Every structure is written in C-alpha cells, then in structure tokens.
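Everything below concerns the one structure shown next.
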Amino acid sequence: MDNRPIGIFDSGVGGLTVFKEIRELLPAENLIYFGDTARVPYGGKSVQVIQKFASEITHFLEMQNVKMIVVACNTVSAIALHKLKSETSLPIIGVIDPGVRAAIKAAGAGTVGVIGTRATINSGAYQERLNRLRSSIKVVARACPLLVPVVEENLMNSEIARLTLEMYLGDFKKIDIGALILACTHYPLLKNLIKNFLGEKVTLVDSACETAREVKEMLVARRISTEEVKSGKEKFFVTDSPESFAAIAADFLGRPLSGECITHSWQNDF
Ligand code: DGL
C-alpha cells in the first residue's frame, strides 16, 4: 500500500482527458497534474527539445514524491518515453501502448487509422508498435495539427471543426478503417464530431480510457494502490497563468478544478 500521489503530466491542458479517466477509475488516489502551459504546444517541436522538457518535468515530479508517473501526452510518449524510463526508477507509463492494444482488438481485419500531432506521427512510434504486435496490419497515419487549436478555442461544434476534419480525414471515408486511434490528448473532445463524420462502423480508440485502465493494473500488480477510502486529493502545477489553465480545464474535466493550482517557473526562464 502506498498513499503517495500519482504524477500525471502533459505539455498543457490536454492531459486532463487522461487525468479525468484516472480520477473516475481510481477515486481514492491522490493525483498531481503538471501542465507545461508556458511551453505548449510540443507537437511541432524537435526531438531534442521535447526530450529535454520531458526530463525536466519527470525530475520535478520525482521531487514531489510521486509513486508513479503517467505521461499523459502522446507527443512525449512517442518521442521521449524510452529515455525517461532510463532516467527514473519510478514506474512510468505512456499513452501509446494501451491505445495500440485496444486498436488491434477493435480493428478486426480492417485498417487502423492513427491521428495526432506532427511530432507523434513523424516519430512513427504508433506505426512501429502496431506492426510489432501484428505484422500484417494495415496502418494509415495522419498529422492533424489544426485540431489542437480547434479544441483549445472551444470550437468543437463549429463549421470550422467540420471543415478541418474534412480536410484531414476526407479520404479516410474511402478506406475500410476498423479502428481510429485518437493519438492526441485533445481529440477525445472531438469524439462525437469524428464519429458523425466517419460513421458508426469505425471504432474510436480513446487512449485516455485505455491508459487509465493500465494505471490501475500497474498499481495492483505492484501493490502500490492507496489504502485510503475517502476521495483522493488533487493538486495542479502549471508553468503559465493558473487562471487561464483553470478556465480551459473546466471544459476538459466537465467540472471546475478541485485542488490548488500553483505556478512553477523553470529556472533561467524570463
Ligand atoms: N498533448 C499533446 C499530445 O497529446 C498535444 C498538444 C501539444 O502539441 O503539445 O500530443
């Protein structure tokens, strides 16, 4: 039994989709969320920069005495997870493997589609993992960089969102897609729109739900679940304005933030 918090991090606010699922599945766990809001977005940045930022956040969470780390960002999971594993002795999981396993199950004989940021898609991490688990699998991957600002501007139900989907995924309608991996933390908020656009036949794989399940499994396997029964505490760290974070966080969580939100400044910044 271990009452220390679980550390969850993302480049910004998007990882709250993962935080929300973890909270629902593990109501008694204490959770710390870190959003690097001063340096978001990571999706168009270089491998070296993403790895450096991810190492800094992992170190920060270690200093907060967390018991495990969840990389709630597809871009960081794709680019930096292997490096982070060599830098920390804590259990650490990303969002890719849970999503890949669920997609293979759901796709049947169909093609698996993957959509994410430029960095995630260009890394080939999803394509490589899917092929490793099933060598015969057909994969079509597409970077959809405009979808992140669409969500952050709360335009999920707008004509702009629909046209953006048409531009990125129009040709997916002509392929026999069995499952589509939403390989970006923001995309679960576009689930309904994507479902309407591609039709009921395509199973949407939300890595946030799959990751939460894997977090639970890891806590049980390592016997590090909390022994508390009351609701777990929540604490948030951001690197830019806590007020802006709290405002947009409410859209992601479907409720206001329930714990304190503290600003963390990187040394040498500004
Ligand atoms: N959190 C990022 C991801 O899941 C999206 C936002 C960004 O580009 O930093 O890939």
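The values are calculated or read from the model by the stated rules, or taken from the named source; none is laboratory data. If you're wondering where the values come from, they're calculated on a predicted model, not measured in any experiment. Glycine gets a Cβ as well: all are built from the backbone with ideal geometry, and neighbour counts include every protein chain shown. Side chains included, ligands, DNA and RNA excluded: accessible areas come from the protein's heavy atoms. Shrake-Rupley method; radii C 1.70, N 1.55, O 1.52, S 1.80 Å.
Every residue, every condition in (1) closer than 16 Å to Val40 by Cβ; (2) touching a residue at least 40 places away in the same chain (Cβ under 8 Å); (3) crowded, with 18+ Cβ neighbours inside 10 Å; (4) touching a His at 6+ places or on another chain (Cβ under 9 Å), yes or no:
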site	(1), (2), (3), (4)
Cys209	no, yes, yes, no
Met218	no, yes, no, no
Glu227	no, yes, no, no
Val238	yes, yes, yes, yes
Ala247	yes, no, no, no
Arg255	no, no, no, no
Thr263	yes, no, no, no
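Do any strands (runs of 3 or more DSSP E) lying entirely in region 186-270 carry at least 3 residues that are modelled with pLDDT of 95 or more, among the charged types (D, E, K, R) and in contact with a strand residue (DSSP E or B) (Cβ under 8 Å, 6 or more places away or on another chain), and which ones are they?
none
One line per residue, one yes/no per condition, for (1) under 25 Å from Arg223 (Cα atoms); (2) in contact with a Leu (Cβ under 7 Å, 6 or more places away or on another chain); (3) open to solvent by 50 Å² or more (accessible area, probe 1.4 Å):
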| position | (1), (2), (3) |
| --- | --- |
| Glu56 | no, no, yes |
| Asn65 | yes, no, yes |
| Leu81 | yes, no, no |
| Leu84 | yes, no, no |
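Which residues, taken from region 113-141, are more than 15 Å from the ligand (Cβ to nearest atom), assigned to a loop (DSSP other than H, G, I, E, B) and either of a type in the set (Ser, Thr, Tyr) or open to solvent by less than 50 Å² (accessible area, probe 1.4 Å) (or both)?
Answer for region 113-141, where residues must be more than 15 Å from the ligand (Cβ to nearest atom), assigned to a loop (DSSP other than H, G, I, E, B) and either of a type in the set (Ser, Thr, Tyr) or open to solvent by less than 50 Å² (accessible area, probe 1.4 Å) (or both): Ser135, Ser136, Ile137.
Could you list, in sequence order, the residues of region 142-168 that are crowded, with 19+ Cβ neighbours inside 10 Å and among the hydrophobic types (A, V, I, L, M, F, W, C)?
Result: Ala143, Cys144, Leu147, Val148, Val150, Val151, Ala161, Leu165.
Within region 61-98, can you find the residues that are more than 13 Å from the ligand (Cβ to nearest atom), under 25 Å from Gly116 (Cα atoms) and touching a Ser or Thr at 6+ places or on another chain (Cβ under 8 Å)?
The answer is Ile69, Lys83, Leu84, Ile92, Ile93, Pro98.
Give just the number: which of (1) of a type in the set (Gly, Ala, Ser); (2) open to solvent by 10 Å² or more (accessible area, probe 1.4 Å); (3) within 12 Å of the ligand (Cβ to nearest atom) does Ser46 not satisfy?
(3)
So, of the residues in region 56-101 that are among the small types (Gly, Ala, Ser) and out of contact with any Asp or Glu (no Cβ under 6 Å at 6 or more places or on another chain), which turns out to be nearest to Asn122 (Cα to Cα)?
Ala78
So the check is Cβ under 9 Å with 6+ separation or different chains; which pairs have a first residue in region 85-101 that's at pLDDT 95 or above and a second one that's open to solvent by 30 Å² or more (accessible area, probe 1.4 Å) and part of a loop (DSSP other than H, G, I, E, B)?
Pro91/Arg222
Restricted to region 93-109, and to residues that are touching a helix residue (DSSP H, G or I) at 6+ places or on another chain (Cβ under 8 Å) and assigned to a loop (DSSP other than H, G, I, E, B), which residue is surrounded by the fewest Cβ atoms within 10 Å (Cβ to Cβ)?
Step by step, filter region 93-109, then rank; the result is Gly94.
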